[in-house]
Amino acid sequence: MEIKLTKRVEGIAESATLAISAKAKKMMAEGRDVVNFGVGEPDFNTPDYIVEAAIKAMRDGKTKYTPASGIPELKKAVVEDRFRATGIEYSPEQVVVGTGAKQPLYNAVACLAEEGDEVIVPSPYWVTYPELVKYCGAKCVFAVTKPENGYKMTAEELENAITPKTRLLILNSPNNPTGAVYSESELSALVKVLEKHKNVFVIADEIYRNLVYGEHKHVSIASFSEEMKSRTIIIDGMSKSYSMTGWRLGWAIAPEKIAKAMGRAQSHVTSNANSIAQYASLAALTNVEKSDAFISDMRKTFAKRRLAAIEKLEEGGAKFIMPEGAFYVFIDVSSAFGKTSEGGKIIENSTDFATALLEERGVAVVTGSAFGADDYVRISYAISEEALKKGIEILCDFLRRAK
């Protein structure tokens, strides 16, 4: 019997980041020495006080269903945390807690974009954005950014991308994969364009907001005016700031009408996010002093690794985008295209490069094609400094040896 799948599912690609990491882990299980630059997750344990809160929640019987959009205490803690960070006031009714940040992101797209609508996605982009847009039946319009602008979308590029069909702009700052951070002036220019197009909403993915380095700082596009606040859906969560990737706990903060619609949809698709993860997250957001200390220490570690990565890449003669936030470096490997690796692999694109690098030299990177930039590969510096330096040295040597 032939199994016919829906167009909705047939059009969805596998996550490139998860796929490359799975391959790297398989090789490691087989005894291969592999430097895995693949999945973006902090290499820190979840802090003990958060783990203890989860254990206490289980012992206290907090193992039942919760309201679909999250426990009231957590939603209150989310808006208080947001106010401390940005000075923007929200109500708990505007928060929808979901399974990781991906579910609220999907819910937001599903509530606002449908067949015939267009969603603007600046390129390079996180691999999941186009897939979610396609899954909802809408069309991605890619605003291709330029190196001279730090791979950040300009007001002109935004204006050129907007049509009468535009429904959403997905804006990610700090950015995955480039590490770009939009400045206040850069966001202000985008806001001026959006003010002329009243029907366009913004999904602001701010999951890396606590991981910004040097003189740069995170600014939310929702902070510019009440109007922008009323047209912005903020996506955030526990994964990156608290090293809680496997706990799968994130949220959206949205205008109340949109938040209610997202909650209704979620009540039928999954119901509530994991109850234990909610109580653990509540402890993280309310133990402000401990959490600030943990985030600060983690940020310092990443900042040190970032500098080490930059130094090694410059020593190796590699071209790359200077990262300002998150924990990634986007490296230009196009100099190897049209050449052959030492192992005899013809390299025509970033996929060929990543495949040969992993199979021949045991270094796992994510192909730039998955992010809409085929000249590049992404590495994560959320690994030990020793492994980071070793992996970059191998990558640069692999690049040089391609003939």
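The values are calculated or read from the model by the stated rules, or taken from the named source; none is laboratory data. Computed from a predicted structure; not experimentally measured. When we count neighbours, we look across all protein chains shown, and the Cβ atoms used for this are built from the backbone with ideal geometry, even at glycine. Only protein heavy atoms, including side chains, enter the accessible area calculation; ligands, DNA and RNA are left aside. Shrake-Rupley method; radii C 1.70, N 1.55, O 1.52, S 1.80 Å.
Couple of notes before you dig in:
- Restricting the calculation to Cα atoms, the chain shows an Rg/Rh of 0.96 when the hydrodynamic-style radius is the Kirkwood one.
- Carbon + sulfur, % of accessible area of the stretch 1-71 - ligands and nucleic acids excluded, 1.4 Å: 55 percent
- Residues in the stretch 48-194 average 43 Å² of solvent-accessible surface per residue, probe 1.4 Å, ligands and nucleic acids excluded.
- Length gained on full extension, S296 to H197, computed as 0.36 nm times the residue gap minus the Cα-Cα distance: 31.8 nm.
- DSSP beta bridge pairing in the chain, given as percent antiparallel to the nearest 5: 50 percent
- If you look at the Cα atoms of the stretch 112-151, you get an Rg and a Dmax of 11.2, 35 Å.
- Sequence of C136, C111, C396 when ordered by accessible area, the most exposed leading, probe 1.4 angstrom: C111, C136, C396
- Segment A189-M322, length gained on full extension (0.36 nm per residue, minus Cα span): 45.7 nm
- Ratio of the Cα radius of gyration of the stretch 271-403 to 2.2 N^0.38 Å, where N counts its residues: 1.30
- A convex hull fitted around the alpha carbon atoms of the stretch 1-103 yields 259 Å³ per residue.
- The calculated Kirkwood hydrodynamic radius for the stretch 216-288 is 14.0 Å, given to one decimal from all distinct C-alpha pairs.
- Between V144 and D60, the C-beta separation translates, for a Förster distance of 35 Å, into a calculated FRET efficiency of about 0.10.
- Solvent exposure of the stretch 311-379 as accessible area per residue, Å², 1.4 Å probe: 36 Å²
- Extension reserve of the V269-Y49 stretch, reckoned as 0.36 nm per residue once the Cα distance is removed: 76.1 nm
- Sites K260 and E359, calculated FRET efficiency, Cβ-Cβ separation with R0 60 Å, nearest 0.05: 0.75
- Relative contact order (%) - criterion: Cα under 8 Å, at least six apart; region: the stretch 1-136: 27 percent
- Protection-proxy order for peptides 64-76, 117-129, each taking the mean of Cβ atoms within 10 Å per residue, highest first: 117-129, 64-76
- Each residue of the stretch 116-268 gets 123 Å³ once the volume of the Cα convex hull is shared out per residue.
- Expressed as a whole percent, the accessible area of the stretch 104-193 that falls on carbon and sulfur atoms is 51 (1.4 Å probe).
- Of the solvent-accessible surface of the stretch 238-338, computed with a 1.4 Å probe and all protein chains present, 50% belongs to carbon and sulfur.
- F44 sits with roughly 60 Å² accessible to a 1.4 Å probe, with DNA, RNA and ligands left out of the calculation.
- When only alpha carbons of the stretch 39-80 are considered, Rg and Dmax amount to 13.2, 34 Å.
- The stretch 350-398 versus the stretch 293-315: alpha-carbon centroid distance in Å: 18 Å
- Among 258-264, 102-108, the order from most to least packed when residues are scored by Cβ within 10 Å on average: 102-108, 258-264
- Helix 72-86 and the long axis of the chain differ in direction by around 60°, with both axes built from C-alpha atoms.
- Total charge dipole magnitude, the chain, about the Cα centre, Cβ charges on Lys, Arg, Asp, Glu only, Debye to nearest 20: 740 debye
- Selected from T86, T232, T154 as most flexible by GNM, with the chain as the system and alpha-carbon contacts under 10 Å: T86
- Inter-label distance, E89 to T163: 4.1 nm, where each label sits 7 Å from its Cα along the C-beta direction.
- For H218, the solvent-accessible surface with a 1.4 Å probe is about 40 Å², rounded to the nearest 10.
- Along its first, second and third principal axes, ordered by size, the stretch 132-219 spans 39, 28, 22 Å in Cα coordinates.
- Relative contact order for the chain: 23 percent, from Cα pairs under 8 Å spaced at least 6 residues apart, divided by residue count.
- Residues considered: P147, P130, P92. Largest GNM mean-square fluctuation over the chain, using C-alpha springs under 10 Å, is found at P147.
- Ranked order, E393, E114 - accessible area, probe 1.4 Å, largest first: E114, E393
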